[in-house]
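Below is one structure; the comments refer to it alone.
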Amino acid sequence: MSKKIVLAYSGGLDTSCCIAYLLEKGYEVVCFSANLGSEFSPSDLKKRAIASGASKIYIKDLRWEFAKQFVLPSLKANAVYEGKYVLSTALGRPLIAKYLVEVAKKEKANVIAHGCTAKGNDQVRFDTTVKILNPRIKIVAPLREWHLTSRESELEYAKSKKLPITATKEKIYSIDKNIWGVSIEAGILENLNNEPKDDAYFMTQSLLKAPNKPEYINITFEKGIPAALNNKKMDLVSLIEKLNQIGGRHGIGRTDLIEDRTVGIKSREVYEAPAAWVLIAAHKELESLVLDKETLYFKEIVGLKYAQLVYQGLWFSKLRESLDAVVQNTQEPVSGKITLKLYKGNIIIAKRNSKNSLYKKELATYGKKDKFDKTSAEGFINIFSMPFVR
Ligand code: ARG
(Lines give C-alpha, C1' and ligand atoms only; values in the text may rest on other atoms or scores of the structure.)
Protein backbone atom coordinates (compact mmCIF):
# COMPACT_ATOMS: atom_id res chain seq x y z
CA MET A 1 0.00 0.00 0.00
CA SER A 2 1.32 3.40 -0.93
CA LYS A 3 1.89 6.13 1.62
CA LYS A 4 -0.74 8.84 1.85
CA ILE A 5 0.10 12.49 1.42
CA VAL A 6 -2.24 15.48 1.84
CA LEU A 7 -1.67 18.19 -0.75
CA ALA A 8 -2.83 21.82 -0.60
CA TYR A 9 -4.42 22.01 -4.03
CA SER A 10 -5.47 25.12 -5.95
CA GLY A 11 -6.31 23.60 -9.33
CA GLY A 12 -3.58 25.54 -11.10
CA LEU A 13 -0.58 24.34 -13.09
CA ASP A 14 1.84 24.10 -10.14
CA THR A 15 -0.32 22.04 -7.84
CA SER A 16 -1.60 19.83 -10.67
CA CYS A 17 2.01 18.99 -11.55
CA CYS A 18 2.55 18.36 -7.83
CA ILE A 19 -0.07 15.59 -7.91
CA ALA A 20 1.70 13.83 -10.80
CA TYR A 21 5.10 14.33 -9.16
CA LEU A 22 3.94 12.89 -5.84
CA LEU A 23 2.40 9.89 -7.59
CA GLU A 24 5.76 9.30 -9.25
CA LYS A 25 7.33 9.36 -5.79
CA GLY A 26 4.96 6.58 -4.76
CA TYR A 27 2.41 8.53 -2.74
CA GLU A 28 -1.35 8.24 -2.72
CA VAL A 29 -2.44 11.90 -3.06
CA VAL A 30 -5.38 13.30 -1.09
CA CYS A 31 -6.09 16.94 -2.02
CA PHE A 32 -7.38 19.74 0.14
CA SER A 33 -8.78 22.96 -1.34
CA ALA A 34 -10.03 25.91 0.65
CA ASN A 35 -12.29 28.66 -0.61
CA LEU A 36 -11.30 31.94 1.03
CA GLY A 37 -12.99 33.96 -1.68
CA SER A 38 -11.20 32.97 -4.85
CA GLU A 39 -14.29 32.23 -6.94
CA PHE A 40 -13.58 28.69 -7.97
CA SER A 41 -16.09 26.02 -8.78
CA PRO A 42 -15.93 23.00 -6.46
CA SER A 43 -17.12 20.58 -9.14
CA ASP A 44 -14.45 21.78 -11.53
CA LEU A 45 -11.76 21.47 -8.87
CA LYS A 46 -12.84 17.96 -8.03
CA LYS A 47 -12.84 16.91 -11.68
CA ARG A 48 -9.36 18.28 -12.18
CA ALA A 49 -7.86 16.81 -9.04
CA ILE A 50 -9.19 13.34 -9.78
CA ALA A 51 -8.23 13.55 -13.47
CA SER A 52 -4.71 14.54 -12.35
CA GLY A 53 -4.45 11.39 -10.28
CA ALA A 54 -5.62 12.35 -6.79
CA SER A 55 -7.51 9.61 -4.94
CA LYS A 56 -9.75 12.05 -3.11
CA ILE A 57 -10.35 15.75 -2.58
CA TYR A 58 -11.69 17.73 0.37
CA ILE A 59 -13.15 21.12 -0.55
CA LYS A 60 -14.10 23.57 2.13
CA ASP A 61 -15.66 27.01 2.05
CA LEU A 62 -13.68 28.71 4.80
CA ARG A 63 -14.73 32.31 4.12
CA TRP A 64 -16.58 32.73 7.40
CA GLU A 65 -13.88 31.21 9.55
CA PHE A 66 -11.31 33.29 7.68
CA ALA A 67 -13.28 36.51 8.19
CA LYS A 68 -14.07 35.93 11.85
CA GLN A 69 -10.97 34.28 13.19
CA PHE A 70 -8.24 35.82 11.04
CA VAL A 71 -9.36 38.98 9.24
CA LEU A 72 -11.30 40.48 12.14
CA PRO A 73 -8.53 40.36 14.78
CA SER A 74 -6.15 41.77 12.19
CA LEU A 75 -8.58 44.61 11.45
CA LYS A 76 -8.98 45.36 15.16
CA ALA A 77 -5.18 45.65 15.31
CA ASN A 78 -5.15 47.80 12.12
CA ALA A 79 -2.39 45.46 10.92
CA VAL A 80 -0.62 46.60 7.75
CA TYR A 81 2.80 45.30 6.67
CA GLU A 82 5.38 47.87 5.61
CA GLY A 83 2.67 50.47 5.22
CA LYS A 84 1.08 48.96 2.13
CA TYR A 85 0.06 45.32 2.58
CA VAL A 86 -3.07 44.33 4.49
CA LEU A 87 -1.77 40.74 4.74
CA SER A 88 -4.52 39.04 2.73
CA THR A 89 -2.38 36.09 1.61
CA ALA A 90 -0.46 35.94 4.88
CA LEU A 91 -3.66 35.66 6.95
CA GLY A 92 -5.03 32.84 4.79
CA ARG A 93 -2.06 30.49 4.99
CA PRO A 94 -2.23 29.47 8.66
CA LEU A 95 -5.93 28.68 8.25
CA ILE A 96 -5.27 26.44 5.24
CA ALA A 97 -2.36 24.80 7.08
CA LYS A 98 -4.59 24.14 10.09
CA TYR A 99 -7.00 22.22 7.84
CA LEU A 100 -4.17 20.34 6.14
CA VAL A 101 -3.18 19.05 9.56
CA GLU A 102 -6.79 18.11 10.34
CA VAL A 103 -7.27 16.28 7.05
CA ALA A 104 -3.96 14.47 7.59
CA LYS A 105 -5.21 13.29 10.97
CA LYS A 106 -8.51 12.14 9.51
CA GLU A 107 -6.78 10.34 6.65
CA LYS A 108 -4.13 8.86 8.96
CA ALA A 109 -1.45 10.46 6.81
CA ASN A 110 1.73 11.87 8.26
CA VAL A 111 3.01 13.76 5.23
CA ILE A 112 1.73 17.08 3.89
CA ALA A 113 2.62 18.74 0.59
CA HIS A 114 2.20 22.22 -0.87
CA GLY A 115 3.08 23.93 -4.12
CA CYS A 116 5.07 26.84 -2.71
CA THR A 117 8.43 27.84 -4.12
CA ALA A 118 11.70 27.93 -2.22
CA LYS A 119 11.91 31.71 -2.40
CA GLY A 120 8.56 32.77 -1.06
CA ASN A 121 6.92 33.52 2.27
CA ASP A 122 4.12 31.03 1.81
CA GLN A 123 6.36 27.98 2.31
CA VAL A 124 7.51 29.55 5.58
CA ARG A 125 3.91 30.10 6.67
CA PHE A 126 2.74 26.60 5.72
CA ASP A 127 5.73 24.75 7.12
CA THR A 128 5.92 26.78 10.33
CA THR A 129 2.21 26.35 11.04
CA VAL A 130 2.29 22.60 10.37
CA LYS A 131 5.38 22.20 12.58
CA ILE A 132 3.75 24.16 15.40
CA LEU A 133 0.47 22.27 15.19
CA ASN A 134 1.96 18.82 14.70
CA PRO A 135 5.75 18.44 14.73
CA ARG A 136 5.51 14.77 13.73
CA ILE A 137 4.19 15.59 10.28
CA LYS A 138 6.70 15.57 7.42
CA ILE A 139 6.48 18.24 4.75
CA VAL A 140 7.18 17.76 1.06
CA ALA A 141 7.40 20.79 -1.21
CA PRO A 142 7.85 19.53 -4.78
CA LEU A 143 8.75 22.98 -6.08
CA ARG A 144 11.74 23.06 -3.73
CA GLU A 145 13.11 19.87 -5.21
CA TRP A 146 11.92 19.15 -8.71
CA HIS A 147 13.69 19.60 -12.04
CA LEU A 148 10.92 21.71 -13.60
CA THR A 149 12.54 25.10 -13.68
CA SER A 150 10.32 27.05 -16.04
CA ARG A 151 6.69 27.39 -16.89
CA GLU A 152 7.41 25.84 -20.28
CA SER A 153 8.91 22.73 -18.70
CA GLU A 154 5.97 22.45 -16.31
CA LEU A 155 3.56 22.64 -19.25
CA GLU A 156 5.49 19.94 -21.08
CA TYR A 157 5.47 17.76 -17.98
CA ALA A 158 1.71 18.35 -17.60
CA LYS A 159 1.22 17.32 -21.22
CA SER A 160 3.30 14.18 -20.86
CA LYS A 161 1.29 13.23 -17.76
CA LYS A 162 -1.99 14.10 -19.53
CA LEU A 163 -2.98 16.56 -16.80
CA PRO A 164 -6.16 18.57 -17.46
CA ILE A 165 -4.47 21.94 -17.79
CA THR A 166 -5.85 24.90 -19.67
CA ALA A 167 -2.96 27.24 -18.85
CA THR A 168 -0.99 28.86 -21.61
CA LYS A 169 2.75 29.54 -21.91
CA GLU A 170 2.15 33.18 -21.12
CA LYS A 171 1.03 33.43 -17.58
CA ILE A 172 1.45 37.08 -16.97
CA TYR A 173 1.29 37.32 -13.21
CA SER A 174 1.29 35.17 -10.12
CA ILE A 175 -1.93 35.81 -8.26
CA ASP A 176 -3.36 34.97 -4.89
CA LYS A 177 -6.89 36.16 -4.20
CA ASN A 178 -9.22 36.04 -1.22
CA ILE A 179 -11.90 38.27 0.31
CA TRP A 180 -9.29 40.45 2.06
CA GLY A 181 -7.39 41.26 -1.12
CA VAL A 182 -5.41 40.20 -4.15
CA SER A 183 -1.62 39.73 -4.31
CA ILE A 184 -0.10 40.16 -7.75
CA GLU A 185 3.53 39.54 -8.59
CA ALA A 186 6.06 38.48 -11.23
CA GLY A 187 5.95 39.01 -15.00
CA ILE A 188 6.60 42.58 -16.09
CA LEU A 189 6.32 43.73 -12.47
CA GLU A 190 9.79 42.33 -11.79
CA ASN A 191 11.15 45.33 -13.63
CA LEU A 192 10.82 48.15 -11.13
CA ASN A 193 10.38 50.69 -13.89
CA ASN A 194 7.23 49.04 -15.21
CA GLU A 195 4.01 50.48 -13.92
CA PRO A 196 1.38 47.78 -13.47
CA LYS A 197 -0.97 47.74 -16.44
CA ASP A 198 -4.72 47.53 -16.05
CA ASP A 199 -4.70 43.78 -16.75
CA ALA A 200 -2.87 43.26 -13.45
CA TYR A 201 -5.94 44.14 -11.42
CA PHE A 202 -8.94 41.99 -10.53
CA MET A 203 -10.93 43.86 -7.92
CA THR A 204 -10.41 47.50 -8.76
CA GLN A 205 -11.26 49.80 -11.60
CA SER A 206 -8.66 52.24 -12.93
CA LEU A 207 -9.00 55.81 -11.70
CA LEU A 208 -9.68 56.99 -15.23
CA LYS A 209 -12.76 54.77 -15.39
CA ALA A 210 -13.87 55.35 -11.79
CA PRO A 211 -17.05 57.43 -11.40
CA ASN A 212 -16.65 61.19 -11.58
CA LYS A 213 -19.08 61.54 -8.71
CA PRO A 214 -18.14 60.71 -5.11
CA GLU A 215 -20.12 58.07 -3.26
CA TYR A 216 -20.97 58.32 0.44
CA ILE A 217 -21.11 55.16 2.49
CA ASN A 218 -21.31 54.52 6.21
CA ILE A 219 -20.03 51.71 8.38
CA THR A 220 -21.34 50.90 11.85
CA PHE A 221 -19.01 49.20 14.30
CA GLU A 222 -19.99 47.34 17.44
CA LYS A 223 -17.06 46.84 19.82
CA GLY A 224 -14.62 47.03 16.94
CA ILE A 225 -16.62 44.69 14.68
CA PRO A 226 -18.05 46.04 11.43
CA ALA A 227 -21.73 45.26 11.89
CA ALA A 228 -23.58 47.28 9.25
CA LEU A 229 -22.95 48.87 5.87
CA ASN A 230 -25.14 51.82 4.89
CA ASN A 231 -27.30 51.14 7.96
CA LYS A 232 -27.97 47.57 6.85
CA LYS A 233 -26.84 44.83 9.22
CA MET A 234 -24.62 42.31 7.46
CA ASP A 235 -22.49 39.33 8.34
CA LEU A 236 -18.79 40.04 7.99
CA VAL A 237 -18.24 38.08 4.76
CA SER A 238 -21.13 39.77 2.94
CA LEU A 239 -20.04 43.17 4.24
CA ILE A 240 -16.47 42.67 3.03
CA GLU A 241 -17.59 41.31 -0.35
CA LYS A 242 -20.01 44.24 -0.83
CA LEU A 243 -17.32 46.75 0.15
CA ASN A 244 -14.91 45.17 -2.33
CA GLN A 245 -17.47 45.88 -5.04
CA ILE A 246 -18.16 49.46 -3.98
CA GLY A 247 -14.54 50.35 -3.24
CA GLY A 248 -13.31 48.54 -6.33
CA ARG A 249 -15.60 50.62 -8.50
CA HIS A 250 -13.90 53.76 -7.15
CA GLY A 251 -10.42 52.36 -7.72
CA ILE A 252 -9.70 52.16 -4.00
CA GLY A 253 -7.00 50.05 -2.38
CA ARG A 254 -4.26 49.59 -4.96
CA THR A 255 -0.73 49.55 -3.55
CA ASP A 256 2.67 48.82 -5.03
CA LEU A 257 5.28 47.71 -2.52
CA ILE A 258 8.96 46.78 -2.45
CA GLU A 259 8.61 44.33 0.38
CA ASP A 260 10.98 42.49 2.67
CA ARG A 261 10.32 38.78 2.47
CA THR A 262 11.02 36.53 5.41
CA VAL A 263 13.55 34.65 3.28
CA GLY A 264 15.67 37.80 2.95
CA ILE A 265 14.74 38.87 -0.56
CA LYS A 266 13.33 42.25 -1.45
CA SER A 267 10.50 41.72 -3.90
CA ARG A 268 8.03 43.89 -5.72
CA GLU A 269 4.38 43.11 -5.10
CA VAL A 270 1.24 44.84 -6.23
CA TYR A 271 -1.89 44.57 -4.12
CA GLU A 272 -5.51 45.53 -4.27
CA ALA A 273 -7.72 45.44 -1.24
CA PRO A 274 -10.65 47.85 -1.44
CA ALA A 275 -12.71 46.56 1.50
CA ALA A 276 -9.68 46.18 3.74
CA TRP A 277 -8.47 49.74 3.27
CA VAL A 278 -11.95 51.22 3.71
CA LEU A 279 -12.52 49.20 6.88
CA ILE A 280 -9.12 50.00 8.35
CA ALA A 281 -9.62 53.72 7.63
CA ALA A 282 -13.06 53.72 9.23
CA HIS A 283 -11.97 51.63 12.21
CA LYS A 284 -8.96 53.84 12.90
CA GLU A 285 -11.13 56.93 12.64
CA LEU A 286 -13.59 55.59 15.17
CA GLU A 287 -10.75 54.62 17.50
CA SER A 288 -9.39 58.18 17.31
CA LEU A 289 -12.71 59.37 18.59
CA VAL A 290 -13.25 56.93 21.44
CA LEU A 291 -9.82 55.83 22.70
CA ASP A 292 -7.48 57.88 24.89
CA LYS A 293 -4.14 58.88 23.45
CA GLU A 294 -1.96 56.40 25.38
CA THR A 295 -4.09 53.49 24.15
CA LEU A 296 -3.95 54.85 20.61
CA TYR A 297 -0.16 55.26 20.69
CA PHE A 298 0.34 51.79 22.09
CA LYS A 299 -2.04 50.29 19.55
CA GLU A 300 0.14 51.64 16.76
CA ILE A 301 3.12 49.73 18.11
CA VAL A 302 1.03 46.61 18.61
CA GLY A 303 -0.33 46.84 15.05
CA LEU A 304 3.17 47.08 13.63
CA LYS A 305 4.40 44.00 15.50
CA TYR A 306 1.17 42.16 14.77
CA ALA A 307 1.65 42.69 11.04
CA GLN A 308 5.25 41.46 11.17
CA LEU A 309 4.25 38.29 13.03
CA VAL A 310 1.43 37.52 10.60
CA TYR A 311 3.68 38.21 7.64
CA GLN A 312 6.31 35.80 8.92
CA GLY A 313 3.83 32.99 9.43
CA LEU A 314 3.78 33.20 13.22
CA TRP A 315 0.02 33.28 13.57
CA PHE A 316 0.04 30.36 15.98
CA SER A 317 2.44 32.00 18.40
CA LYS A 318 2.23 33.11 22.01
CA LEU A 319 3.01 36.69 21.08
CA ARG A 320 0.27 36.97 18.44
CA GLU A 321 -2.26 35.57 20.91
CA SER A 322 -1.10 37.97 23.58
CA LEU A 323 -1.26 40.97 21.25
CA ASP A 324 -4.78 39.89 20.33
CA ALA A 325 -5.74 39.90 23.98
CA VAL A 326 -4.45 43.47 24.37
CA VAL A 327 -6.19 44.64 21.21
CA GLN A 328 -9.44 42.90 22.15
CA ASN A 329 -9.43 44.65 25.51
CA THR A 330 -9.22 48.06 23.82
CA GLN A 331 -12.27 47.45 21.60
CA GLU A 332 -15.00 47.71 24.25
CA PRO A 333 -15.81 51.39 23.47
CA VAL A 334 -15.21 51.11 19.69
CA SER A 335 -18.87 51.40 18.68
CA GLY A 336 -20.32 54.01 16.38
CA LYS A 337 -20.79 55.03 12.80
CA ILE A 338 -18.26 56.46 10.33
CA THR A 339 -19.35 58.03 7.07
CA LEU A 340 -16.86 58.01 4.25
CA LYS A 341 -16.70 59.60 0.86
CA LEU A 342 -15.18 57.39 -1.85
CA TYR A 343 -13.82 59.19 -4.83
CA LYS A 344 -11.21 58.20 -7.45
CA GLY A 345 -9.08 56.04 -5.18
CA ASN A 346 -9.51 58.27 -2.14
CA ILE A 347 -11.12 57.41 1.16
CA ILE A 348 -12.27 60.65 2.73
CA ILE A 349 -13.75 60.78 6.21
CA ALA A 350 -17.02 62.71 6.17
CA LYS A 351 -18.74 62.10 9.53
CA ARG A 352 -17.98 60.45 12.86
CA ASN A 353 -20.48 59.40 15.42
CA SER A 354 -20.27 57.49 18.67
CA LYS A 355 -22.01 57.40 22.01
CA ASN A 356 -18.55 56.80 23.50
CA SER A 357 -16.97 59.84 21.87
CA LEU A 358 -14.28 61.55 23.95
CA TYR A 359 -14.53 64.69 21.84
CA LYS A 360 -15.96 67.50 23.93
CA LYS A 361 -16.96 70.47 21.87
CA GLU A 362 -17.14 72.76 24.93
CA LEU A 363 -13.41 72.11 25.48
CA ALA A 364 -12.32 72.24 21.84
CA THR A 365 -14.30 75.27 20.75
CA TYR A 366 -12.87 78.72 20.09
CA GLY A 367 -16.39 80.10 20.26
CA LYS A 368 -18.47 81.61 23.06
CA LYS A 369 -19.40 78.36 24.79
CA ASP A 370 -15.79 77.59 25.71
CA LYS A 371 -15.50 75.79 29.08
CA PHE A 372 -11.75 75.16 29.03
CA ASP A 373 -10.11 76.46 32.23
CA LYS A 374 -7.57 78.97 30.88
CA THR A 375 -6.09 79.61 34.31
CA SER A 376 -4.68 76.05 34.47
CA ALA A 377 -2.68 76.30 31.24
CA GLU A 378 0.36 78.28 32.38
CA GLY A 379 1.05 76.22 35.50
CA PHE A 380 0.61 73.00 33.56
CA ILE A 381 3.19 74.10 30.98
CA ASN A 382 5.69 75.20 33.66
CA ILE A 383 5.74 71.71 35.10
CA PHE A 384 5.43 69.92 31.76
CA SER A 385 8.47 71.71 30.28
CA MET A 386 10.62 71.43 33.45
CA PRO A 387 12.56 68.27 32.46
CA PHE A 388 13.63 69.84 29.15
CA VAL A 389 14.69 73.29 30.33
CA ARG A 390 18.38 73.78 31.30
N1 ARG B 1 4.01 38.72 -1.15
C2 ARG B 1 2.77 38.31 -0.57
C3 ARG B 1 2.99 37.64 0.76
O4 ARG B 1 4.07 37.21 1.03
C5 ARG B 1 1.93 37.48 -1.48
C6 ARG B 1 2.47 36.16 -1.87
C7 ARG B 1 1.46 35.37 -2.61
N8 ARG B 1 1.80 35.08 -3.90
C9 ARG B 1 1.36 35.40 -5.12
N10 ARG B 1 1.11 34.44 -5.89
N11 ARG B 1 1.24 36.61 -5.54
O12 ARG B 1 2.09 37.55 1.54
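The values are calculated or read from the model by the stated rules, or taken from the named source; none is laboratory data. Keep in mind that this is a model prediction, so the values were computed, not measured. In this analysis, Cβ positions are derived from the backbone assuming ideal geometry, glycine residues included, and neighbour counts consider all displayed protein chains. We work out accessible area using only protein heavy atoms, side chains counted, and drop any ligands, DNA or RNA first. Shrake-Rupley method; radii C 1.70, N 1.55, O 1.52, S 1.80 Å.
For the chain, the dipole from Cβ point charges (+1 on Lys and Arg, -1 on Asp and Glu) about the Cα centre works out to 760 debye, to the nearest 20. Between residue 383 and residue 174, what is the label-to-label distance in nm when each label sits 7 Å out along the Cα-to-Cβ direction? With each label point 7 Å from Cα toward Cβ, the separation is 5.9 nm.
Could you tell me which trypsin sites (Lys or Arg not before Pro) in the stretch 1-108 are loop residues by DSSP with no more than 13 other beta carbons within 10 angstrom of their beta carbon?
Counting only loop positions with at most 13 other Cβ atoms within 10 Å, the trypsin sites (Lys or Arg not before Pro) in the stretch 1-108 are 108.
Where in the stretch 80-94 does the amide nitrogen come within less than 16 Å of the point 7 Å from the Cα of residue 308, taken along Cα to Cβ? Backbone N within reach: 80-85. Note on residue 156 and residue 349: the extension gain reaches 64.2 nm, defined as 0.36 nm multiplied by sequence separation minus the Cα-Cα distance.
Quick check: residue separation of residue 2 and residue 332 times 0.36 nm, minus the Cα distance between them. What number comes out in nm?
Working: separation 330, 0.36 × 330 = 118.80 nm, distance 5.35 nm.
Full-extension gain reported as 113.4 nm.
Judged by the mean number of other Cβ atoms found within 10 Å, the most tightly packed of the peptides 254-261, 180-187 leads the ranking 180-187, 254-261. Nearest 5 is fine: what % of DSSP beta bridges in the chain come out antiparallel, could you say? So the antiparallel bridges amount to about 70 percent of the total. Probing with 1.4 Å while keeping every protein chain in the model, the per residue accessible area of the stretch 239-334 equals 41 Å².
Sorted by accessible area with a 1.4 angstrom probe, largest first, how do 272, 241 fall? Each step should come with its number before you reach the end.
Numbers: 272 0, 241 65 Å².
Largest accessible area first, the list is 241, 272.
Stretched out straight at 0.36 nm per residue, the stretch from residue 138 to residue 298 would grow longer than its current Cα-Cα span by 53.6 nm.
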